[in-house]
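Asks: Handing you a structure now.
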Number of protein chains: 2
Amino acid sequence: MAYTSMSVSERQLLPPAVAVSTVAFALHPPAHARLGESGVEAAYAAAAAVGFAGAASDAGAAAEVPAETSARARDTLWLPLVRRTRAPFAGDWALPGGPIPFNETLADTAVRTLRAAVLRDPRYLEQLYSFGAVERSAQAQRLVTIAYWALYGEQDLAGDALTGAAEQNIDEQNIDEQGAAEQDDPNVAWFSADRLPPLAFDHAEIVAHALDRLRSKTEYSTVAYRFLGDTFTLAQLREVHEAVRGEAVDPANFRRQALAQGHLVDTGEQTSGAKHRPARLYQFREQTTQQTRNLT
Amino acid sequence: MAYTSMSVSERQLLPPAVAVSTVAFALHPPAHARLGESGVEAAYAAAAAVGFAGAASDAGAAAEVPAETSARARDTLWLPLVRRTRAPFAGDWALPGGPIPFNETLADTAVRTLRAAVLRDPRYLEQLYSFGAVERSAQAQRLVTIAYWALYGEQDLAGDALTGAAEQNIDEQNIDEQGAAEQDDPNVAWFSADRLPPLAFDHAEIVAHALDRLRSKTEYSTVAYRFLGDTFTLAQLREVHEAVRGEAVDPANFRRQALAQGHLVDTGEQTSGAKHRPARLYQFREQTTQQTRNLT
DNA sequence: GCAATAGTGTCTTTAAGACATTATGCC
DNA sequence: GGCATAATGTCTTAAAGACACTATTGC
């Protein structure tokens, strides 16, 4: 900011700078989004470490995501990263974020910086943890980072990107141009959570922390529904849980447990066109007796 | 700090100040500690709200705690508060804490400020949440508070208080003097978690948050053992859970579940002197397969 | 009919909760 | 012996997991 003329010792006497960083998850990257590459060998190693078999099918590819997302891309989580242009860690990928202005809440800063990187508003936002180690950014002013994690739903990423602050309704003809503009920023890309590049600061630790939180929160809360649209099949909901948990889930038992929660409403409609028995479409209904937990 | 000559608008342009506040729980206050009073009527109301029957037996009393803690004092949690001497909220009770120096980690600051108030080191410390609302302290420089929660065990509070930084071994003759000195600070007192006075800032919210975290964490982690000494009976361990959960627990079922965790080692020794069958003394043993959770 | 997935039913195992029963030290 | 609590045993119920089986569409 304005402390460029200060010496290191002068900066150390200042109060620490406070910044927000956000780990934003989605089932798959938005259409026309730039996909990050992290190297094939690193990809295979990471996939093996997480326990995915053959998950590195398109590792290293920088191509566009097909409009109709394949089933293969479903069983992993994606998150947006921003390439740093300044020291420290210049050139490395980092979580979206930035310093908090004096008149913005922490959550507001998280949403604003996320919107600037992803051009879309997240569907869910929750504070994760605060990191304030003394040696976080050596030689510079001390930095305290408050980490958030966020979640994008299918409907958030399927459509057009935001241009202005309040721009939301763009007609079909402009989508390709928006997509092109979105893709033109080389410093923002989406990565599979299984194949992340080396991250700046301790952002790798933050991502791991966010993944833990997402996994445990999926077990007892209703966050998983936010990955999906208004209506969905039980198979889609199960695929979300499989992507988050990283393992296959028995369809029969999952159905029984999902329906027992009481959050699902049968819309009476069905899917069609698939080459098998059609599936019922459900809606998510918030339950009246909502209990929250507080664990870590 | 050094910004006393600045105007309000000048302070708003500064990076926010970062402070740490800690909620420290104990089964009962230390010997010779000053006990806070919060008014009898408020005490009865609070006890009823939490669901304790007849828990307000010594509400409003400012007497010393008896050396042999009564069973009655066991079924509630206690926490230390510090009275503010400066604006804002001058005269109100607040959580121990303070700003973070440039060369101290967040956890170090929490421990140091806690030691300054309680004169003892906590047995457990965990980050809770960060509060950074814009209007937290109006008219002043913006304040971001990183809340921690801590836990004192019986052996931490039973003995003598610390005087210097590394002072730990004080012989018996000095205990009374230490206790008197400890009691002489009128701006530090211990309160029952059920009968708290009005707190400064949003510290009441932070305490509620910490209680939630403590309750859920006792369900699946091993924090509860830290309230107790090296050896303890299953009845003592059950009383900890009852104090945290605020309700009675079936002794038979609790025994079965506690032993099934595999954390308890039978020392072969027994209690004696009570007017009933003696109880076995157990030790806590850290398990090799230690799993952590990450929920909120 | 066949392939593929949607959806249902059943069995086993585990764990929690309620509660009866026995054990033991102190008076 | 009587009291109070420690410690054990038993029964019921709920829920998870494994897995067989039926249903329905497109080809």
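Asks: Select from region B:242-256 the residues that are under 25 Å from the mean Cα position of the chain (by Cα) and either in the same structural domain as B:A193 (by TED's automatic domain parsing) or within 11 Å of DNA strand C (Cβ to nearest atom) (or both) and list them in ascending order. Walk me through how you get there before you give the answer.
Replies: Taking region B:242-256 as the starting set, the residues that turn out to be under 25 Å from the mean Cα position of the chain (by Cα) are B:242-249, B:254.
Within region B:242-256, B:R245, B:E247, B:A248, B:V249, B:F254 qualify.
Asks: Across region B:183-201, what is the number of residues that are outside any loop (DSSP other than H, G, I, E, B) and at pLDDT below 90? Can you show your working first?
Replies: Taking region B:183-201 first, the residues outside any loop (DSSP other than H, G, I, E, B) are B:183-184, B:188-192, B:199.
Going one step further and asking which of them are at pLDDT below 90, we end up with B:183-184.
Of the residues in that region, 2 qualify.
Asks: Suppose we keep only residues that are closer than 20 Å to B:H28 by Cβ and acidic (D, E) within region B:211-256. Which one would you say is surrounded by the most Cβ atoms within 10 Å (Cβ to Cβ)?
Replies: The qualifying residue surrounded by the most Cβ atoms within 10 Å (Cβ to Cβ) is B:E239.
Asks: Then there is this: What are the residue pairs meeting all of these: first residue in region B:88-113, first residue charged (D, E, K, R), second residue in a loop (DSSP other than H, G, I, E, B) and modelled with pLDDT of 95 or more, Cβ atoms under 9 Å, and 6 or more apart or on different chains?
Replies: These pairs meet every condition: B:D92/B:R84; B:D92/B:P197; B:D92/B:P198.
Asks: Another question, if that's okay. Being of a type in the set (V, I, T) and more than 10 Å from DNA strand C (Cβ to nearest atom) is the filter; apply it to region A:271-291 and report the residue that is modelled with the highest pLDDT.
Replies: Within region A:271-291, the first condition is being of a type in the set (V, I, T), and the residues that meet it are A:271, A:288-289.
Next cut, more than 10 Å from DNA strand C (Cβ to nearest atom) only: A:288-289.
Details: A:T288: 59, A:T289: 54.
That would be A:T288.
Asks: For a quick check of your reading of the model, give me the residue pairs whose first member lies in region B:248-269 and is closer than 12 Å to B:A235 by Cβ, whose second is acidic (D, E) and more than 9 Å from DNA strand C (Cβ to nearest atom), with beta-carbon atoms closer than 8 Å and at least 6 apart or on different chains.
Replies: What qualifies is B:V249/B:E242.
Asks: Take the residues in region B:127-136 that are more than 7 Å from chain A (Cβ to nearest Cβ) and crowded, with 19+ Cβ neighbours inside 10 Å; name whichever of them is modelled with the lowest pLDDT. Steps first, answer last, please.
Replies: Residues of region B:127-136 more than 7 Å from chain A (Cβ to nearest Cβ): B:128, B:131, B:135-136.
So of that shortlist, the ones also crowded, with 19+ Cβ neighbours inside 10 Å come out as B:128, B:131.
On the way: B:L128: 97, B:F131: 90.
Here the answer is B:F131.
Asks: Let me ask another. So, of the residues in region B:257-270 that are surrounded by 10 or more Cβ atoms within 10 Å (Cβ to Cβ) and over 16 Å from B:T222 (Cα atoms), which turns out to be nearest to DNA strand C (Cβ to nearest atom)?
Replies: Out of the qualifying residues, it is B:Q270.
Asks: Taking helices (runs of 4 or more DSSP H) that do not extend beyond region A:202-273, which have at least 3 residues that are away from DNA strand D (no atom under 16 Å from the Cβ)?
Replies: Details: elements: A:203-220, A:234-245, A:251-260.
Those helices (runs of 4 or more DSSP H) span A:203-220, A:234-245.
Asks: When you go through (1) more than 14 Å from chain A (Cβ to nearest Cβ); (2) within 16 Å of DNA strand D (Cβ to nearest atom) one by one for B:R293, which number turns out not to apply?
Replies: (1)
Asks: Here is a follow-up. Would a scan of region B:222-237 turn up a residue that is within 14 Å of chain A (Cβ to nearest Cβ), touching a residue at least 40 places away in the same chain (Cβ under 8 Å) and away from DNA strand C (no atom under 16 Å from the Cβ)?
Replies: yes
The values are calculated or read from the model by the stated rules, or taken from the named source; none is laboratory data. In this text, all values refer to a predicted model and were calculated from it rather than measured experimentally. Please note: Cβ atoms are built from the backbone with ideal geometry, for glycine as well, and neighbour counts cover all protein chains shown.
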